[in-house]
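Below is one structure, written out as structure tokens, with a few remarks after it.
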Ligand code: F6R
């Protein structure tokens, strides 16, 4: 098993520059790259740097197709707190891609059908998402963040390894973290579930770049790199992948050797 490469950056800004350069390098080698993307606070500096590179004519994403890792359940286009809106505001509005996809977490009005019909529809949407990724040739480079509990996408600590895209309940810790980061601490406003690529889907990517900054991620990074490989720490599973790069800052790296 090849050990993940770890780049330790001074701070969040440098992390953005390093991760964006890695992505840009992959795009220059393969202009038709299929790129997996996360939402959240951590990738903001990466998206700022990609935008700078595009503005400076150092980056052409016109052949690149993107797939987001996840979307909050029953959120989408038109919802201020959806990942769709986040991605549009942070990246897609500025940098043109060939095509950009997010899981369809709002395929119909749930009031118009029974719960079981609605869940079947969600299941179909998840399968369609996996099929679309496959039809595009699979993900070449997958950028991921990490939760303070070690989650990747919304694959929360669990006894089992998740497979393809699926509907998942968010862990209490994730709801708390997201409330603090995006909802002024108001947990009741945070969506409690999401559609997320499963771990097996994520592990199919040819290359995975994990980004993390800040002391709140130090324990998760320690567990991911030095603890047991277990679905209880989904990020630890990345160590079974042949081509993984961790781009982290000094605070996040403070517990590792
Ligand atoms: C979001 C996602 C999550 C985040 C993680 C870290 O699309 O997949 O796994 O990457 O929760 O979020 P931030 O970057 O806000 O700390």
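Data table
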{"read-out": "Residue in region 36-50 that is within 15 Å of the ligand (Cβ to nearest atom), under 25 Å from residue 164 (Cβ atoms), free of Cβ contacts under 8 Å to residues at least 40 places away in the same chain and surrounded by 21 or more Cβ atoms within 10 Å (Cβ to Cβ) present", "value": "no"}
{"read-out": "Unmet requirement for residue 138, which otherwise passes all of (1) surrounded by fewer than 20 Cβ atoms within 10 Å (Cβ to Cβ); (2) in contact with a helix residue (DSSP H, G or I) (Cβ under 9 Å, 6 or more places away or on another chain); (3) at positive phi", "value": "(2)"}
{"read-out": "Among (1) within 20 Å of residue 126 (Cα to Cα); (2) surrounded by fewer than 22 Cβ atoms within 10 Å (Cβ to Cβ); (3) within 16 Å of the ligand (Cβ to nearest atom) - the single one residue 84 does not satisfy", "value": "(2)"}
{"read-out": "Scan of region 203-222 for residues that are touching a strand residue (DSSP E or B) at 6+ places or on another chain (Cβ under 6 Å) and surrounded by 21 or more Cβ atoms within 10 Å (Cβ to Cβ), ordered by number", "value": "205, 208, 209, 210, 211, 212, 213, 221"}
{"read-out": "Residues that are more than 20 Å from residue 40 (Cβ to Cβ) and either assigned to a helix (DSSP H, G or I) or free of Cβ contacts under 8 Å to residues at least 12 places away in the same chain (or both), drawn from region 226-257", "value": "226, 227, 228, 229, 230, 239, 240, 254, 255"}
{"read-out": "Residue within region 62-72 that is over 28 Å from residue 235 (Cα atoms) and either assigned to a loop (DSSP other than H, G, I, E, B) or touching a helix residue (DSSP H, G or I) at 6+ places or on another chain (Cβ under 7 Å) (or both) present", "value": "yes"}
{"read-out": "Checklist (1) surrounded by fewer than 16 Cβ atoms within 10 Å (Cβ to Cβ); (2) over 23 Å from residue 247 (Cβ atoms) applied to residue 181, failing item", "value": "(2)"}
{"read-out": "Any hit, region 9-32, residues being over 17 Å from the mean Cα position of the chain (by Cα), assigned to a loop (DSSP other than H, G, I, E, B) and within 24 Å of residue 213 (Cα to Cα)", "value": "yes"}
{"read-out": "Helices (runs of 4 or more DSSP H) wholly inside region 99-207 containing at least 1 residues that are within 11 Å of the ligand (Cβ to nearest atom) and touching a residue at least 60 places away in the same chain (Cβ under 8 Å)", "value": "172-182, 199-203"}
{"read-out": "When residues of region 208-225 are limited to those that are in contact (Cβ under 8 Å) with a residue 40 or more places away in the chain and part of a helix (DSSP H, G or I), the one farthest from the ligand (Cβ to nearest atom)", "value": "225"}
{"read-out": "Yes/no for residue 79 being within 16 Å of the ligand (Cβ to nearest atom), over 13 Å from residue 196 (Cα atoms), over 17 Å from the mean Cα position of the chain (by Cα) and outside any strand (DSSP E or B)", "value": "yes"}
{"read-out": "Candidates 72, 83, 94, filtered to the one that is more than 24 Å from residue 207 (Cα to Cα), at pLDDT 95 or above and in contact with a strand residue (DSSP E or B) (Cβ under 8 Å, 6 or more places away or on another chain)", "value": "72"}
{"read-out": "Residue in region 231-242 that is more than 15 Å from the ligand (Cβ to nearest atom) and closer than 17 Å to residue 138 by Cβ present", "value": "yes"}
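The values are calculated or read from the model by the stated rules, or taken from the named source; none is laboratory data. Since the model is a prediction, treat every value here as computed from it, not as a measurement. Note that each Cβ is placed from the backbone with ideal geometry, even for glycine, and that neighbours are counted across all protein chains shown.
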